[in-house]
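Enquirer: First the structure, which I've put down as structure tokens, then a few questions once you've had a look.
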Amino acid sequence: MDSSTKEDTTHRICIIGAGIAGLTAGALLAKKGHHIEIFEKTPILGGRALSLDGSNLTDSFYRDILSQYHSFLAFSDPPIKEIIEKKMLNGVTIDLGYHAIGGGVFSNLNSVLEEFDEHIDFLESYVGFIEDEGYRFPFLSPIDKIKILPNILRLLYVSEKTLCRLDSVSITETIQRYGKGNMKLILEIFSRSITTVNDLNRISTGEMFRAQRNLYRGSKPVGYPKKGLGHIHETLARIITKYDGRIHLKHPVDSIIIKDNTAKGIVINGKTLEFDFIVSSVLLQDLFKLADESCFPDDYVHSLKSLTGTGSLSGYYCLSSIPEELIGKTFHFLERDAGVEGIDAVGMIDFMAADESAGITPPGMHLVQSYIICTPDEARDKNTLVRLRQFLDKNLKRLLPDFQQHVLWKLYPSVWHLDGVAKTIDNPKPSIHTPVHRLYVIGDGVKAMGIGFNGALNSARLLSDIL
């Protein structure tokens, strides 16, 4: 870090991207007195975790916004054009891809919002498990918990020094040591669902248990914000403007200006704007679309370009009726020999959003959100996606044998950058510091506590501690 970041002064700070990382950073830095300007290429806040208002959605806009965030609509029933023309999405809030938030009401989000006397209400759920016939909820019985508790505690509450050693230990190795009975199933399922990676040989034991610690602070494991993900972004945007920060939607940045190994400003619509610091929250792999890679060391360029993300096929089922006993619950499933990298595939069927208090559907409509994990390449392969859709439908049918009779519509968006960078042993995440002075990177791709939404948010907190 250069000495200028230590001065007790305010700075003009440019943030590129209005996703959760960019908005959180903007709020925290604006409160400290910095002059914040956020530039977002799309007309909507939220980045890859945004929510769309179905009442104002057109076929072309939906497909365009999906494509801008490394997604596409793999399947829909009936066709998306018919769904929109018949106004079947009126009153519905729909996400680009499935984004539950680990930690729920005690998530990192609300610990940030507390600084502004703000709070987001969450729907929360324990996690059940879908079996061949029916389900079990919660996943573990009280007796099961007692049996495995010593091993869970041993792994969750080890020192950071031990976790660092476990960073290079795969879940496969951990299963070989601790994986007996239900403990094996827990390690197989939760490590995959936390990292959105199916290949257990790639998943870091240390990172997986760091991510798990949030879940043992009194909250239920998974949560979904009432009023949808968009409510989070609107809250952060309101905070930013309260502290005189500015958010520019539909303002794509052309390039980052770098001179003498220092970030000086940006070019937007052919116009040069000078700033004291530049913060990029775009995908790390896309940094060099904005910044001249010749300004960076070769090994840094190579490391960022070689980073890989995570993928998934989501399923959104709008149903006219759902049994009361399922509403508010979340279920994992495990498909053996699924024909994907890692052999087996984990997914989730989520009924949190089906609760009326979620506030994302009109009366008489219940939204079931689901996903199944795959690699970025698999998320773009039509034959693989056909198979994954069958797995989603099959597992929903195990919970609701007659669900097809109650379907109003179904959407299946495929996402190959659900997380910008997979948190795996062979995919080390870089620091928020770049080799260029006064240029920082944030988001779910950098090294910060947690994964996905929480990782992105915590990267913004790290930045706020520096600037």
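For every residue, the table says whether it meets (1) farther than 30 Å from Val436 by Cα; (2) more than 17 Å from the chain's Cα centre (by Cα); (3) aliphatic (A, V, I, L, M).
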| residue | (1), (2), (3) |
| --- | --- |
| Glu160 | no, yes, no |
| Thr174 | yes, yes, no |
| Asn182 | yes, yes, no |
| Asp199 | yes, yes, no |
| Tyr224 | yes, no, no |
| Leu249 | no, yes, yes |
| Ile258 | no, yes, yes |
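Enquirer: Please work out which residue is farthest from Tyr126 (Cα to Cα), limiting yourself to region 360-381 and to residues that are among the small types (Gly, Ala, Ser) and at pLDDT 95 or above.
Expert: Ala379
Enquirer: Scan (1) of a type in the set (Asp, Glu); (2) under 26 Å from Ser193 (Cα atoms); (3) at pLDDT 95 or above for the single condition Glu82 breaks and write down its number.
Expert: Of (1) of a type in the set (Asp, Glu); (2) under 26 Å from Ser193 (Cα atoms); (3) at pLDDT 95 or above, only one is false for Glu82: (2).
Enquirer: Limited to region 265-280, what total is found for residues that are touching a Lys or Arg at 6+ places or on another chain (Cβ under 8 Å) and under 15 Å from Asp292 (Cβ atoms)? If you could, list the steps in order and put the result at the bottom.
Expert: Taking region 265-280 as the starting set, the residues that turn out to be touching a Lys or Arg at 6+ places or on another chain (Cβ under 8 Å) are 274-278.
Now drop any that are not under 15 Å from Asp292 (Cβ atoms), which leaves 278.
Residues that pass the stated criteria total 1.
Enquirer: Give the residue, chosen from Cys374, Cys318, Cys295, that is assigned by TED's automatic domain parsing to the domain that holds Pro430 and touching a residue at least 12 places away in the same chain (Cβ under 8 Å).
Expert: Cys295
Enquirer: Counting just the residues of region 345-362 that are of a type outside the set (A, V, I, L, M, F, W, C), over 18 Å from the mean Cα position of the chain (by Cα) and buried (at least 18 other Cβ atoms within 10 Å of the Cβ), which one comes out nearest to Gly91 (Cα to Cα)?
Expert: Among those residues, the one meeting the criterion is Thr361.
Enquirer: Which pairs turn up if I take residues in region 180-206 that are farther than 20 Å from Thr375 by Cβ and look for partners that are among the β-branched types (Val, Ile, Thr) and surrounded by 21 or more Cβ atoms within 10 Å (Cβ to Cβ) with beta carbon separation below 9 Å, at least 6 apart in sequence or on another chain?
Expert: Pairs that qualify, where the first residue is farther than 20 Å from Thr375 by Cβ and the partner is among the β-branched types (Val, Ile, Thr) and surrounded by 21 or more Cβ atoms within 10 Å (Cβ to Cβ), are Leu187/Ile171; Leu187/Thr174; Leu187/Thr205; Thr205/Ile171; Thr205/Thr174.
Enquirer: Scan Leu290, Leu284, Leu334 and give me the residue that is touching a Gly at 6+ places or on another chain (Cβ under 6 Å), surrounded by 15 or more Cβ atoms within 10 Å (Cβ to Cβ) and aliphatic (A, V, I, L, M).
Expert: Leu284 is the lone residue from the list that is touching a Gly at 6+ places or on another chain (Cβ under 6 Å), surrounded by 15 or more Cβ atoms within 10 Å (Cβ to Cβ) and aliphatic (A, V, I, L, M).
Enquirer: Take the residues of region 141-168 that are assigned to a loop (DSSP other than H, G, I, E, B) and in contact with a strand residue (DSSP E or B) (Cβ under 9 Å, 6 or more places away or on another chain): which is modelled with the lowest pLDDT? Steps first, answer last, please.
Expert: As a first pass, look at region 141-168 and keep what is assigned to a loop (DSSP other than H, G, I, E, B): 141, 157-159, 167-168.
Of the ones still in play, those that are also in contact with a strand residue (DSSP E or B) (Cβ under 9 Å, 6 or more places away or on another chain) are 167-168.
Numbers: Asp167: 85, Ser168: 89.
Among those that are assigned to a loop (DSSP other than H, G, I, E, B) and in contact with a strand residue (DSSP E or B) (Cβ under 9 Å, 6 or more places away or on another chain), it is Asp167.
Enquirer: Kindly list, by first and then second residue, each pair from a residue in region 378-403 that is touching a residue at least 60 places away in the same chain (Cβ under 8 Å) to a residue that is among the acidic types (Asp, Glu) and surrounded by fewer than 20 Cβ atoms within 10 Å (Cβ to Cβ), limited to pairs with Cβ atoms under 8 Å and residues at least 6 apart or on different chains.
Expert: Pairs found: Glu378/Glu341; Arg398/Glu131; Arg398/Asp132; Arg398/Glu133.
Enquirer: In the list Tyr371, Tyr316, which residue meets the criterion of being within 24 Å of Leu140 (Cβ to Cβ), surrounded by 19 or more Cβ atoms within 10 Å (Cβ to Cβ) and within 17 Å of the chain's Cα centre (by Cα)?
Expert: Only one candidate qualifies: Tyr371.
Enquirer: In region 169-183, which residues are loosely packed, with under 14 Cβ neighbours inside 10 Å and either farther than 27 Å from Gly128 by Cβ or modelled with pLDDT of 80 or more (or both)?
Expert: Gln176, Arg177
The values are calculated or read from the model by the stated rules, or taken from the named source; none is laboratory data. This is a predicted model, so every value here is computed, not measured. Glycine gets a Cβ as well: all are built from the backbone with ideal geometry, and neighbour counts include every protein chain shown.
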